[in-house]
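All remarks here apply to the structure that follows.
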Amino acid sequence: MAQPKTPLVKEIPPKGADLSEWYQAVCYKAELVSLAPVRGCVVLRPYGFALWERLVAALDERFKATGHENAYFPLLIPEHLLLKEQEHVEGFSPEVAWVTHGGNERLSERLAIRPTSEVIIGPMYADWIRSYRDLPILINQWVNVVRWEKRTRPFLRTTEFLWQEGHTAHASEPEAREEVVRMLDIYREVAQDIAAVPVYTGEKSSSERFAGATHTFSIEALMPDGRALQSGTSHELGQNFARAYDIKFAAEDQSLQYVWTTSWGMSWRMLGALIMVHGDDRGLRMPPKMAPIEAVVVPIVKAGDDRVIHAARDLLAQLKGSGLRVRLDERDLRPGNKFADWEMRGVPIRVELGANDIAAGVATLVRRDKAKGEAGGKVTVALADVASRMTALLEEIQTNMFAQASEFLRTHTIAAGDTAEFFHLLRERAGMIDIPWCGRAQCEAFVKVETSATTRNLRPLDGAATCLACGEPATVRAYFAQSY
RNA sequence: CGGGGCGUAGCUCAGCUUGGUAGAGCGCUGCGUUCGGGACGCAGAGGUCACAGGUUCAAAUCCUGCCGCCCCGACCA
């Protein structure tokens, strides 16, 4: 069969051919990011920033609703502060960037560029906290951090990246645990209900735990290539940082005690998950709640006929009046180019408005979540009803996209039946491989050597079982997968 | 950081083996015809061939170094 003269999609390779190549092409062609002239760093372009802002809004609103306040701590951390928590230092030292000079003068003490802020926040909390009446402290900051990474990819791992880091201090361990669980649940909710990315929540194994934490919990999403992506973490820090930075308070019983701290973060890596999970051969697909633009109106204008453009402007005003994030594309391009362009950017609904539509008093709505020609992908709506119909349609698209992604996760989560199958599935990169696990670091290390996969996260075991990786008694259930 | 690959126009790439004044398609600009799925015609713009040395009468091409990107691995809360 002859190839069509015009391929369905120019610009990017098919998603199924090479996910990595597709991913990078989409990030650049949809104008989310550009490579910067600094190794391992990206420029977040306006459309990418708008997407980030949607995530920020969803999280920030929930942080505030649970009693947190935003603040800002310094970018630069004196070396002596960093050195105080031993495990933490060892965990981060390979990734820390240092400032050694101020102007031409060599500094007497190096300054670390924050890879995370526990150690600059610790001394401040020590300063602010005197009594149990000062607790809890519930602070979040929206900042950039720098980690010197060997290998970088847009959003997934870059030298400098944007995130939020919450840092709280509590009077008791149970209270700190409660906070950690609460924030993990917010991450789960934002990932699933806003970004439409289904995730597994659970605790990290000891080898995957945050340096300096007593417990680390994560949300883990599954990418189309069968690799998992850690998309948010919540750490119980016990009294480790309190001891290192001398954060003490007078308790009700007048004893002097160390506080219990937590930290939790979600970065723009979440956007990487969204891109990979939802995108298709035509480019991005934005879940409506994350979409910077919910709908775009494309006027189909015949030469010398300006009735269409006027009708389109009226429609735009109507939709904006309904609080929808809409745009009218008046660029001097042919409609087909505009269709392809907005599909690449993943706008959930395209409104086509031409002379035929106007004559019939309607507009044509096209859903980005449906494949071309798929039933229900295109609907005709009376002009007066577009706003209300669109609101309902956006809900439907959101639900449909989450259902599609959930179906993928479900069908790629496999409970291995025996040890041979377990190793086989991991080598095949078949997805989240679910087994009863012994919880031993040596066992996890062995699996990693054999398959390059590790535990993603753990959850309680129901009943007695044997570890399917090594045959020792199991203590938990674990998802294993290769990770990004 | 180890192994491999690649750097030529905004993008995808040819040219390099065998040294001799820089190419194509797409995109971009202007004008016109078009406009319900990536139009067409005419006219144009655009490149220190990643960078630095070396060999040579002459280097995109050969040699050395270096930087960057991609893939695999290590590393990576």
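The values are calculated or read from the model by the stated rules, or taken from the named source; none is laboratory data. Being a predicted model, the structure only gives us computed values, none of them experimental. When we count neighbours, we look across all protein chains shown, and the Cβ atoms used for this are built from the backbone with ideal geometry, even at glycine. The protein model used for the area step is the full one, side chains on, heavy atoms only, and it has no ligands, DNA or RNA in it. Shrake-Rupley method; radii C 1.70, N 1.55, O 1.52, S 1.80 Å.
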Taking segment A:29-56 and keeping only residues that are within 14 Å of RNA strand B (Cβ to nearest atom), open to solvent by less than 70 Å² (accessible area, probe 1.4 Å) and not aliphatic (A, V, I, L, M), one is left with A:S34, A:G40, A:C41
Exception for A:A360 within (1) modelled with pLDDT of 95 or more; (2) more than 9 Å from RNA strand B (Cβ to nearest atom); (3) open to solvent by 40 Å² or more (accessible area, probe 1.4 Å); (4) more than 29 Å from the chain's Cα centre (by Cα) falls at (2)
Of the residues in segment A:330-348, those that are away from RNA strand B (no atom under 11 Å from the Cβ) and modelled with pLDDT of 95 or more come to A:G346, A:V347, A:P348
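Taking the conditions exactly as written (aliphatic (A, V, I, L, M), touching a residue at least 12 places away in the same chain (Cβ under 8 Å) and away from RNA strand B (no atom under 16 Å from the Cβ)), does A:V297 satisfy them or not? Spell out the reasoning first.
Working: aliphatic (A, V, I, L, M): yes; touching a residue at least 12 places away in the same chain (Cβ under 8 Å): yes; away from RNA strand B (no atom under 16 Å from the Cβ): no.
Taking the combined requirement at face value, the residue does not satisfy it.
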Here is a check on your reading of the model: is A:G304 open to solvent by less than 20 Å² (accessible area, probe 1.4 Å), without any contact (Cβ under 8 Å) to a residue 24 or more places away in the chain and within 11 Å of RNA strand B (Cβ to nearest atom)? no
Output for Cβ contacts, cut-off 7 Å, separation at least six or different chains, first residue of a type in the set (D, E) in segment A:16-43, second open to solvent by 20 Å² or more (accessible area, probe 1.4 Å), reads A:E21/A:P13; A:E31/A:R45; A:E31/A:Y47
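Can you find, within segment A:363-374, the residue that is most open to solvent (accessible area, probe 1.4 Å) among those that are more than 8 Å from RNA strand B (Cβ to nearest atom) and aliphatic (A, V, I, L, M)?
Here is the first cut: in segment A:363-374, the ones more than 8 Å from RNA strand B (Cβ to nearest atom) are A:365, A:367-371, A:373-374.
The next check asks that each one be aliphatic (A, V, I, L, M); those that pass are A:365, A:371.
Numbers: A:L365: 0, A:A371: 57 Å².
Going through the qualifying residues, I end up with A:A371.
Considering only residues that are charged (D, E, K, R) and within 16 Å of RNA strand B (Cβ to nearest atom), look in segment A:418-448 and name the one that is least open to solvent (accessible area, probe 1.4 Å).
Restricting attention to segment A:418-448, the residues satisfying the condition of being charged (D, E, K, R) are A:418, A:421, A:427-429, A:434, A:440, A:444, A:448.
Filter once more, so that each one left must be within 16 Å of RNA strand B (Cβ to nearest atom): A:427-429, A:444, A:448.
Details: A:R427: 127, A:E428: 117, A:R429: 91, A:E444: 5, A:K448: 110 Å².
The residue in question is A:E444.
If I ask for residues that are aliphatic (A, V, I, L, M), within 16 Å of RNA strand B (Cβ to nearest atom) and without any contact (Cβ under 8 Å) to a residue 12 or more places away in the chain, which ones from segment A:375-417 would you list?
Scanning segment A:375-417 gives a single hit, A:A375.
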Taking A:I77 as the residue in question, decide whether it is touching an Asp or Glu at 6+ places or on another chain (Cβ under 8 Å) and of a type in the set (V, I, T).
no
